[in-house]
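Have a look at the structure below, then the notes.
The values are calculated or read from the model by the stated rules, or taken from the named source; none is laboratory data. Every value quoted in this text rests on a predicted model; they were computed, and no experiment measured them. Cβ placement follows ideal geometry from the backbone for every residue including glycine, while neighbour counts extend to all protein chains displayed. Side chains are part of the model used for accessible areas, which takes the heavy atoms of the whole protein and leaves out ligands, DNA and RNA. Shrake-Rupley method; radii C 1.70, N 1.55, O 1.52, S 1.80 Å.
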2 protein chains.
Amino acid sequence: METTAAAIDETRSALPSAGRTVWLTGLPSAGKTTLAHAFADRLREEGVPVEVLDGDVLREALGRGLGFSREDREENVRRIGFVAELLSRNGVTTVCAVISPYRSTRDELRARHEGRFVEVWVATPSAVCAERDVKGLYAKQRAGEISHLTGVDDPYEAPEAAELVLHTQDRSVEECVEALWLTLNS
Amino acid sequence: METTAAAIDETRSALPSAGRTVWLTGLPSAGKTTLAHAFADRLREEGVPVEVLDGDVLREALGRGLGFSREDREENVRRIGFVAELLSRNGVTTVCAVISPYRSTRDELRARHEGRFVEVWVATPSAVCAERDVKGLYAKQRAGEISHLTGVDDPYEAPEAAELVLHTQDRSVEECVEALWLTLNS
């Protein structure tokens, strides 16, 4: 009987009382997607139900026809936030990797989440992002092939009260994942 | 000890092993939204995690800018299906009330759901829908104020192999909910 009770308690402690939306915001090539998947793997190992909503994937799934004006970027972020809200209120921890450059849109999502929103600023400096340039966007911008690149010729409004700030240029992915885990459980 | 074991079994039997997407398709004013909410209430009473995705609400949340061409309707349906897929694969039974007039789009969603898709044809006849006319759309179409009304001057392709067909003109909401419940548990 004690064994059963202990097993139940253990199961309970491994599950959050409600899911959270962990919102990774930052410049292109800051490391958001990499961290989102690494953190999701860690959560799965711990038995936490989890989904990753990646900005690029979600723009394809929910944002066809949207461009990169302020209005369209905000609409894209709101749609992803809407889905995250549905998932997290059903106990699924939802890790979002989305540039989401505007503070007011992120604050709007936070308000809608009623305490379940964890904002994480992936604060990799612009110069480091431009060097990583995972998708070749910085090179294209320099060559004049694209414009409106967030942090270069389009605004990025850094969070002022994020639950966590990650300086990925000084930390390993594992260290960042540990910091995310501690933040979610603090 | 037996009490504890019984309680655990009871909890288990009340929870589905995985969530399902219950997709209510049919003409405007067929009764999809009413049935979706009544069925969701029943599921909640039974302890099943549930969300309702209503076509009108979701068009506002995810479909701004989409119109009523075939292409845009399909895109709207795909977006709702995408969200339903995320929720249902996390154990949330997701009841969708969406006109979804094209068979091929519904079949596409079914294929993506890998066995978790339950198609329900809310088969209220056009004349009955036009008489109910909850949103005044049939009157507006007759008055020439709108066009492309599904089932009147826009196509509706009825399901050929729905898991359930509901003739709401001959049945009470309670009877329809019971039929939905039995279908989900068969």
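Step by step: find N for the range B:133-182, compute 2.2 N^0.38 Å, then divide the Cα radius of gyration by it. What's the final number? If you can, show how the numbers build up before the last one.
On the way: Rg = 14.7 Å, N = 50, 2.2 N^0.38 = 9.7 Å.
This ratio for the range B:133-182 stands at 1.52.
Dimensions of the range B:18-184 along the principal axes, based on C-alpha atoms and rounded to the nearest Å, stand at 46, 34, 28, largest first. Convex hull volume per residue, computed on the Cα atoms of the range B:95-186, equals 108 Å³.
The largest-to-smallest principal axis extents of the Cα set in the range A:18-68 are 38, 22, 15 Å.
Only the Cβ atoms of Lys and Arg (+1) and of Asp and Glu (-1) were treated as charged; on that basis the dipole of chain B about its Cα centre amounts to roughly 440 debye. Heavy atoms of chains A and B lose about 1800 Å² of accessible surface on contact, summed over both sides with a 1.4 Å probe. Using a label position 7 Å from Cα in the Cα→Cβ direction, what is the ascending list of nm distances from B:S104 to the same site in the other copies? Spacings between copies for this position, smallest first, are 4.2 nm. Under 5 Å from the amide H of B:D54 lie the amide H atoms of B:A97, each residue being 5 or more positions distant or on a separate chain, with H modelled from the backbone and absent for Pro and chain starts.
In the range A:36-75, the residues that give up 30 Å² or more of accessible area when the other protein chains are added, compared with the chain on its own (1.4 Å probe), are A:E51, A:A61, A:L62, A:R64, A:E75. For A:K135, a cut-off of 12 angstrom between C-alpha atoms picks up these aspartates and glutamates, skipping any fewer than 8 places away in its own chain: A:D56.
Over the Cα atoms of the protein assembly as shown, compute the convex hull volume and normalise it per residue, giving Å³.
Convex hull of Cα atoms, per residue: 156 Å³.
Full-extension gain between A:R103 and A:R64, please, as 0.36 nm times their residue separation minus the C-alpha to C-alpha distance. The partial results should precede the final answer.
Numbers: separation 39, 0.36 × 39 = 14.04 nm, distance 2.33 nm.
The span from A:R103 to A:R64 would gain 11.7 nm if fully extended.
Which one, A:S147, A:S104, A:V118, projects farthest toward the positive side of the charge dipole computed for chain A from Cβ point charges (K/R +1, D/E -1)? Of A:S147, A:S104, A:V118, it is A:S147. Distances from A:P125 to itself in the other copies, using label points 7 Å out along the Cα-Cβ axis, amount to 7.5 nm in increasing order. The range B:109-186 and the range B:22-81 have Cα centres spaced 11 Å apart. Position A:H148: other-copy label points at 2.4 nm, ordered by increasing distance, label point 7 Å along Cα→C-beta.
Accessible area per residue was computed with a 1.4 Å probe on protein heavy atoms; A:V118 scores about 10 Å².
Based on DSSP H assignment, which helices of chain A show an axial Cα extent of at least 15 Å together with a mean Kyte-Doolittle hydropathy greater than or equal to -1.0? The answer, listed by residue number, is A:2-14, A:32-45, A:70-88, A:173-184.
Identify which of A:R116, A:R89, A:R64 has the largest mean-square fluctuation in a Gaussian network model of chain A, with springs joining Cα atoms closer than 10 Å. Judging by the Gaussian network model, the answer is A:R64.
Annotation: per residue accessible area for chain A equals 48 Å², rounded to a whole number [probe 1.4 Å, protein chains only].
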